[in-house]
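What follows is a set of notes on a single structure, which appears directly below.
The values are calculated or read from the model by the stated rules, or taken from the named source; none is laboratory data. What you see is a predicted model; the values in this text were computed from it and never measured. Glycine also receives a Cβ, built like all others from the backbone with ideal geometry; neighbour counts cover every protein chain displayed. Each accessible area value is taken on the protein alone, full model and side chains, heavy atoms only, with ligands, DNA and RNA left out. Shrake-Rupley method; radii C 1.70, N 1.55, O 1.52, S 1.80 Å.
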Amino acid sequence: MDVRKKLEILADAAKYDASCSSSGGKRKAAKDGLGSVEGMGICHSYTPDGRCVSLLKILLTNFCIYDCQYCINRISSDTARARFTPAEVVRLTLDFYKRNYIEGLFLSSGVIKSPDYTMEQLIEVTRTLREVHGFQGYIHLKAVPGASTELIEQAGRYADRLSANIELPTDGDLKKLAPEKSFAVTGGTMKDITARVEQSKAERKESPKAPKFAPAGQSTQMIVGATPTPDASILDTANRLYTRFKLKRVYYSAYSPIPIVDARLPAKAPPLVREHRLYQADWLLRFYGFRVDELTPPEKPDLSLELDPKLAWALRRRELFPMDVNRAPREDLLRVPGMGVRTVDRILRIRRWHRVTLADLARLHVPLARMKPFIVTADHRPTGLLDSARLVERVTPPATQLSLFASAREALTGEL
């Protein structure tokens, strides 16, 4: 099979992996090197800060020894198969970069022979790019769960980011649909990465010349909608992963039905807006001080598809509003619908000089119509709005087509 045909198969197979982001990489182009993490080009991926970057996103192979029922590349699938050699991936990466098609590489793989063997093949690609060709662009490399600590150590020397996919929200889900995998094994790999990242940071504090290890950290991915697991459990798993392994990002990927599907899997994909709501809730957990049980209480374990998570929470907790923007502390202001991190910090600066008015907020370009029922300013106090039966209608924006750029824009403005 020629390389063009392999690329067609393995680039298409890689589309199911959502954990693709290049934020956090700080490599600078060497005098005799190729590529740059921070360069601009054809944009295929969006970083949390809104930057567009282009990555060659492929699998080394879609052959796999596992039989995960939700995966198109499972061993029992009759999908077309292909396998690159490490040298072919190296040549493709360099050729695409020199044509200004890409700024980096996202490389994953099905598991062939064993986790260690697969990891060795992936490492050979990154080692050749870095050491033989001096490639300084961004590399996101899959860490195969169950690979040895020594191989994870090698992978982190060459990759900017590593990711070991947790795949499903609970260990019970894995036992049902992917019994060869487990949270314990994937967690062990994540633990190895975390320990080595922390060690590298400590070493570089003592000596800036100490080698880096996965400087952009690690991420993971969860498939959403393949099982009946509610959003509360999904967010709880994500929250524990952030806390325990200091992940840079958890990616949520809506389940995509595949041919010859297992009877235990749904026939339809979940609505894409569910994936969007999970990302919004994830942001609130990490940067706004919310808890999982606040966003998904026992009586409502799934996020609303009609309302963003912060607005839904505020409507359930109307007794906490209206909030005085001239007196409330930062952590309370962050809970006002429509107020993002940037807006709150600007309000706090304005408060040092004078009392905040609606005109001040308008100059900050915030969604005033959504905010007004929930706030008190020097010249505004809502009357009866919080008790109105039509409050939801008043503060809910009209339905619009979801934008591919929505998550990046919200991350940039911070207004949730």
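Worth pointing out:
- Ratio of the Cα radius of gyration of region 133-216 to 2.2 N^0.38 Å, where N counts its residues: 1.24
- For the chain, DSSP calls about 15 percent of its internal beta bridges antiparallel.
- Screening the chain for DSSP H helices whose Cα atoms reach 20 Å or more along their own axis and whose mean Kyte hydropathy is at least -1.0 gives 183-206, 231-245, 272-287.
- Region 48-105: trypsin sites (Lys or Arg not before Pro) in DSSP coil with no more than 16 other Cβ atoms inside 10 Å: R51, R99
- These residues, D387, D360, go from largest to smallest accessible area, 1.4 Å probe, as D387, D360.
- Under 18 Å of direct C-alpha separation, and excluding same-chain neighbours fewer than eight residues apart, K181 reaches these aspartates and glutamates: D17, D67, D116, E167, D171, D173, D192, D262.
- Mean accessible surface per residue for the chain, computed with a 1.4 Å probe while every protein chain stays in place, in Å²: 47
- Mean-position separation - Cα centroids, region 51-101 and region 256-335, in angstrom: 33
- When you restrict to C-alpha pairs under 8 Å that are six or more residues apart and normalise by the size of region 102-242, the relative contact order lands at 24 percent.
- GluC sites (Glu not before Pro) within region 196-299, DSSP loop, no more than 15 other Cβ atoms inside 10 Å: E299
- Percent accessible area from carbon and sulfur atoms, region 80-181, protein chains only, probe 1.4 Å: 49
- Taking a straight line from the alpha carbon of K268, these lysines sit under 23 Å away, with near neighbours fewer than eight places off in the same chain left out: K15, K175, K176, K300.
- Dipole of the chain computed with +1 at Lys/Arg Cβ and -1 at Asp/Glu Cβ about the Cα centre; of P230, A269, P367, farthest Cα towards the positive end is P367.
- A simple spin-label model places the labels of R355 and A263 6.9 nm from each other, with each point 7 Å out along Cα-to-Cβ.
- Anchor K209: aspartates and glutamates whose Cα lies under 20 Å away (excluding residues fewer than 8 positions away in-chain): D32, E131, E153, D160, E198
- Relative contact order (percent, whole number), the chain, Cα cutoff 8 Å, 6+ residue spacing: 13
- Cα-Cα pairs of the chain separated by more than 34 Å (percent): 37
- Local net charge near R381, Cβ-Cβ under 11 Å (Lys/Arg +1, Asp/Glu -1): -1
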